[in-house]
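Participant: Before anything else, here's the structure in question.
Coordinate-derived values only; no laboratory data. As the structure is a computational prediction, the values presented were derived from the model and not from experiment. Methodologically, a virtual Cβ is constructed for each residue, glycine included, from the backbone with ideal geometry; neighbour enumeration extends over all protein chains shown.
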Amino acid sequence: MKKFVYLFNEGNSEMRNLLGGKGANLAEMTKIGLPVPFGFTISTEACNAYYENNQSISSEIQNQVLQALSELEAETGKKLGNPANPLLVSVRSGAVFSMPGMMDTILNLGMNDETVEGMATLTNNPRFAYDSYRRFIQMFSDVVLDVDTFFFERLLEETRENKGYSSDPELTAEDWKEVIVGYKQIVKKHTRKSFPQDPKEQLFLSINAVFDSWNNQRAIVYRRLNKIPGHLGTAVNIQSMVFGNMGNDCGTGVAFTRDPSTGENRLYGEYLINAQGEDVVAGIRTPQPIHTLKQEMPEVYQQFSDTCKVLEQHYRDMQDIEFTVERGQLFILQTRNGKRTAQAAIRVAVEMVKEGIINKDEALLRVDPDQLNQLLHRRIDDKFERTQLAKGLPASPGAATGSVVFDADEAEILAKDGKKVILVRPETTPDDIHGIVASQAVITSRGGMTSHAAVVARGMGKACICGCEAIKIDLAAKEFYVGESVVKEGDIITIDGGTGEVMLGEIPMIEPELSNEFQQLLVWADEVRQLGVRTNADNPEDSQKAREFGAEGIGLCRTEHMFMDPTRVPLVQEMILAENYDERQIALSKLLPLQQGDFEGILEAMQGFPVTIRLLDPPLHEFLPDKEELIVECTKLQITNPNSEELKAKELLLKKVRQLDEFNPMLGHRGCRLGMIYPEIYEMQAKAIFYAVATLADKGVEAKPEIMIPLVGHVNELKQMRQLVIDAANLVKEETGREFVYTVGTMVEVPRAALTADQIAEEADFFSFGTNDLTQTTFGYSRDDAEGKFLQAYIENKVLPDNPFAVLDREGVGKLVETGVRLGRQTKPELKTGICGEHGGEKSSIEFCYQTGLDYVSCSPYRVPIARLAAAQATIRFSEKDVETLVVK
Ligand code: PEP
Ligand code: MG
């Protein structure tokens, strides 16, 4: 005879396919000797048999259920339907793969007009007994008898109104009795039958309902979405109910085996004497801290803390446990891996290695790299409540408080006076840079994740929210609106750049911390990982910070940020406005020593680690004023001062702005196309690099520059630009007598570069995949437009699985990266490859980079620890991908 029904002590965690996830877990806990309320599981095969038998339970299975029931009764000493000592059970579905919400749980099955009286006496709490009975009727009717909950809720509401109550706890036992009468009438009216009083009938009807629920609309859709096969079927778990509210020798609580906010190894939790689970959650009574249980119920406490140790050893992780004490006897209702803060995750993982519970690889997999963000920026103290005023794009993480200011100059003045300010602008331009430097954080109402404000703020590690369209800025009135609320200049706000939230007033903050455990974990990560981790940095401070966080070089130094410094913008504009080569050379010669100084600072901070310096990338018009503003200014001057020099200068500027105006700046005259048309710009930059290396060499500082040409699409571009760099090196060599060790490589950020990587590699010492642009050019999306207009809808509607600008699109962009690496190495096996788009700091993309055989990833300084951990995880996962238990999702 085939076995369809398994007592909890007959299974184990390996039997998921037969017992479902929940059933297998309950069996496992029972197997390791935990005091789990006893019960049994009807297998998934019984579900399939039910369907084969025209949706009815065969007598064979019925007999096995009845047999298991009598063993359950023997084990508990209670009996289904016996008023003197009634057995009450819960009935729950339990599929092989969790399908939350497929079927509601039925609690307190076994209640009827007689057992409710028994419960009233046993608990000495008639109110509780009748309330439980009416809940059971409502639940059972909804789930099993298909009577809409609405009718019961309406009756309850009428009762409350008639009696002048405002909430359920005000109803007395007598009131609930009346409600029960009404409930039974509702059942009769809708089903034309009385509410079933026979507990066995209740039981079998419930089992039928669970089996039926396997094929309800919700479940079918859920399975389709999650690719769960329909033939698996669901199991049904029947478990005896235990009560923590039968007197003062009873109680219920929730506890973690370690402190989930700090990770400290101590029991953490709370409980209530003479209460049921709901009372703890509802917050009507204040629970006691778990350690006082030691005095109140010493034996139970001892048993509980021993159980916690067993559970941690068994599941090899911190547990979150629900327990109930019924008449002095401890029951474990549930245990699962406990949710924890980043700080706790790190401490628990490191300490568990030291305690010999897990190994280092497992510890590394226990911490989610995304969570580390919390620890690497100032953040809002979660102890304090936050009320959101508006929400924009989380452009740069971190939190900040300050008074609102709408103008960069004003921000600078106030900051000089020691005021903390937050700059709020429709958008920012290079002209605002001094205001950004002076501010704690930046909010823009327009622009996306790569807008000027976002890029600059991220580079500086400053919090920033972009595209916060809910705020309407009135620059003239110096205020902004969100609906009815008005925020004026000087008002204090707090922002969370990690969530995009803007809040009124000041909220306390916590400083970032790299605890000893955090550092320990990163040391372990470095031992394991094979991918290098570099940083994107373009000033000595960021380079220094990145070194402290463990960066092994700079993977991208964007030189345009140096051009955007307000003291340099006039020189850059002079260079752009130059009428001819000679004029341009004059402007460039003024810029050269400044650039040289920048490079000296950065190369010195990196102390001999490689530094990839990218020559100028953005279109030149980014360094000129906004066209519309210039037109307004010129128009005003034509009226007020038509013959002025100022007007002449502005008109000249406007002419140039118009000349440089582009339909599609992203695809326009930028990257190496600038160097091809104005080679003198790149020459100046290359020379500045070599002069810097020579000067540092005089000081005895080693420097390893890697010069990178952006946006190459054809090998001939790189060939020409490479020669330009070599010529500059030779020139400086002749002047200074120094030999230089350097390489020249390219960014791969347009599809053609990846597809012709074999040719391009002839001219390149290294490739750095610029996956920001490569994503834009592969999808044909402009990032700012996509993120502002349709990308969110795409993600919500599952057209795309993720934002491809955050998580590398392996199927498309990834294929180009793979192709680029393969073709490049075909030509030049020693070709060095890395990634410097934002994906270089994102865990799934880092895993992809490891699998594709890149040499390093490069990310912003604050993401370096995240990348170190993610790189280690990739190594462990990829080399031990069969060891599924190691992988914590
Ligand atoms: C890129 O395109 O991925 C890149 C790093 O360059 P940028 O973001 O500066 O365009
Ligand atoms: Mg780029």
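Participant: With all pairs of different alpha carbon atoms counted, what Kirkwood hydrodynamic radius in Å does region 828-879 show?
Facilitator: Values: mean 1/r = 0.0915 Å⁻¹.
Its Kirkwood hydrodynamic radius stands at 10.9 Å.
Participant: Using only the C-alpha atoms of region 199-326, find the volume of their convex hull and express it per residue in Å³. Before the final figure, lay out each step's value.
Facilitator: Numbers: hull volume 23.5 nm³, N = 128.
Spelled out: Cα convex hull of region 199-326, divided by residues, is 183 Å³.
Participant: Nearest 0.05, what FRET efficiency do ASN664 and GLN607 give at R0 = 41 Å with Cβ-Cβ as r? Walk me through the numbers before you get to the answer.
Facilitator: Details: r = 41 Å, r/R0 = 1.01.
Efficiency computed from Cβ-Cβ geometry: 0.50.
Participant: Looking at this model, which pairs from LYS636/LYS687; LYS590/LYS627; LYS200/LYS227; LYS478/LYS590; LYS391/LYS478 are more than 32 angstrom apart at the alpha-carbon?
Facilitator: Numbers: LYS636/LYS687 43 Å; LYS590/LYS627 26 Å; LYS200/LYS227 36 Å; LYS478/LYS590 38 Å; LYS391/LYS478 20 Å.
Check vs 32 Å cut-off fails for LYS636/LYS687; LYS200/LYS227; LYS478/LYS590.
Participant: Give the share of C-alpha pairs in each 5 angstrom bin for region 621-661, from 0 to the last occupied bin, in whole percents, shortest bins first.
Facilitator: Spelled out bin by bin, region 621-661 gives 6, 27, 34, 20, 10, 4 percent.
Participant: Now, a different point. If I model a spin label at ASN580 and GLU527 as a point 7 Å from the Cα along the Cα→Cβ vector, what separation in nanometres do I get?
Facilitator: Label at ASN580, label at GLU527, 6.8 nm between them.
Participant: To continue, here is another question. Taking a temperature of 10 °C and a viscosity of 1.306 mPa s, what whole-number D in µm²/s does Stokes-Einstein yield for region 531-595 with Rh from Kirkwood over alpha carbon pairs? Display every interim value, and only then the final one.
Facilitator: On the way: Rh = 13.5 Å.
My calculation gives 118 µm²/s for D.
Participant: Let me ask another. Apply the Karplus parameterisation 6.51 cos²θ - 1.76 cosθ + 1.60, with θ equal to phi minus 60°, to every residue of region 24-39 and state each ³J(HN,Hα) to the nearest whole Hz, in sequence, with x for glycine and proline.
Facilitator: 5, 5, 4, 5, 4, 4, 5, 4, 7, x, 7, x, 9, x, 6, x
Participant: Counting other C-beta atoms within 10 Å, and keeping those with at most 14, which DSSP coil GluC sites (Glu not before Pro) do you find in region 375-415?
Facilitator: Values: sites: GLU385, GLU410, GLU412; in loops: GLU385.
Hits after loop and neighbour filter: GLU385.
Participant: Roughly what % of DSSP beta bridges within the chain run antiparallel, to the nearest 5? Write down the numbers at each step before the final one.
Facilitator: Numbers: 62 of 100 bridges.
Antiparallel: roughly 60 percent of the beta bridges in the chain.
Participant: OK, next. Starting from 0.36 nm per residue, how many nanometres of slack lie between ARG738 and GLU702 once their C-alpha separation is accounted for? Write out the running numbers ahead of the final one.
Facilitator: Working: separation 36, 0.36 × 36 = 12.96 nm, distance 1.24 nm.
Going from the current span to full extension adds 11.7 nm.
Participant: Between LYS309 and THR149, what is the label-point separation in nm under the 7 Å Cα-to-beta-carbon projection?
Facilitator: Reported label-point gap for THR149 and LYS309 is 4.3 nm.
Participant: What translational D, rounded to a whole number of µm²/s, comes out for region 78-145 from Stokes-Einstein when the hydrodynamic radius is the Kirkwood one over Cα pairs, at 4 °C and 1.567 mPa s?
Facilitator: Working: Rh = 12.7 Å.
The Stokes-Einstein estimate is 102 µm²/s.
Participant: Right, next: Could you compute the net charge surrounding SER240? Neighbours are other residues with a C-beta less than 13 Å from the C-beta of SER240; K and R count +1, D and E count -1. Spell out each step's value before the answer.
Facilitator: On the way: positive: LYS78, LYS79, ARG92; negative: GLU71, GLU73, GLU75, GLU326.
With Lys, Arg at +1 and Asp, Glu at -1, the neighbours total -1.
Participant: Another question, if that's okay. Taking R0 as 56 Å, what's the FRET efficiency between SER70 and LYS354 from their Cβ-Cβ distance, rounded to 0.05? Please list the in-between numbers first.
Facilitator: On the way: r = 49 Å, r/R0 = 0.87.
E(calc), rounded to 0.05, equals 0.70.
Participant: Mean shadow of region 5-240, computed from the convex hull of its alpha carbons, in nm²?
Facilitator: On the way: hull surface 54.3 nm².
Taking the Cα atoms of region 5-240, their convex hull projects to 13.6 nm² on average.
Participant: Let me ask another. Run through all the Cα pairs of region 378-510 and give the fraction in each 5 Å bin from 0, expressed as whole percent.
Facilitator: 2, 13, 24, 28, 21, 10, 2, 0
Participant: Give the average over all directions of the projected area of the C-alpha convex hull of region 251-337, one decimal, in nm².
Facilitator: Numbers: hull surface 21.1 nm².
Hull-based average projected area comes out at 5.3 nm².
Participant: With the calculation restricted to Cα positions, what are the radius of gyration and Dmax of region 441-581 in angstrom?
Facilitator: Cα radius of gyration and Dmax of region 441-581 are 20.0, 60 Å respectively.
Participant: How would you order 36-47, 144-155 from highest to lowest mean count of nearby Cβ atoms within 10 Å?
Facilitator: Numbers: 36-47: 24.9, 144-155: 15.7.
Listed from highest to lowest mean packing, they are 36-47, 144-155.
Participant: Using only alpha carbon pairs under 8 Å that are at least six residues apart, calculate the relative contact order of the chain and give it in whole percent.
Facilitator: So the answer I get is 9 percent.
Participant: Of all chymotrypsin sites (Phe, Trp or Tyr not before Pro) in region 660-707, which ones are in loop regions per DSSP and have a Cβ with at most 14 other Cβ atoms within 10 Å? List each step's numbers first, then the result.
Facilitator: Values: sites: PHE663, TYR682, PHE690, TYR691; in loops: PHE663.
In loop regions of region 660-707 (DSSP not H, G, I, E or B), the sparsely surrounded chymotrypsin sites (Phe, Trp or Tyr not before Pro) are PHE663.
Participant: What net charge is computed for the residues neighbouring LYS79, neighbours being all others with C-beta under 14 Å from the C-beta of LYS79, Lys and Arg scored +1, Asp and Glu -1? Don't skip to the answer; put the middle values down first.
Facilitator: Values: positive: LYS78, LYS200; negative: GLU71, GLU73, GLU75, GLU114, ASP198.
Summing Lys/Arg as +1 and Asp/Glu as -1 gives -3.
Participant: Between region 549-605 and region 784-840, what's the alpha-carbon centroid distance in Å?
Facilitator: That distance is 29 Å.
Participant: Here is a further query. How about region 1-58: which trypsin sites (Lys or Arg not before Pro) there lie in a loop by DSSP and see at most 12 other Cβ atoms within 10 Å?
Facilitator: On the way: sites: LYS2, LYS3, ARG16, LYS22, LYS31; in loops: LYS2, LYS3.
Sparse-neighbourhood loop trypsin sites (Lys or Arg not before Pro): LYS2, LYS3.
Participant: Something else: What ³J(HN,Hα) values, in whole Hz, does the Karplus curve 6.51 cos²θ - 1.76 cosθ + 1.60 give for region 401-410 when θ = phi - 60°, with x put for Gly and Pro?
Facilitator: 10, x, 8, 6, 9, 10, 9, 5, 4, 4
Participant: Next up: Using only Cα atoms, tell me the angle between helix 627-640 and the longest principal axis of the chain; keep it within 0 to 90° and round to the nearest 10.
Facilitator: For helix 627-640, the angle is close to 50 degrees.
Participant: Rounded to whole Å and sorted largest first, list the principal axis extents of the Cα atoms in the chain.
Facilitator: 105, 64, 56
Participant: Would you tally the net charge around PRO619, using a Cβ to Cβ cut-off of less than 11 Å, leaving PRO619 out, and scoring K and R as +1, D and E as -1? Write out the running numbers ahead of the final one.
Facilitator: Values: positive: ARG670, ARG673; negative: GLU560, ASP617, GLU622, ASP661, GLU662.
Every neighbour counted, the sum reads -3.
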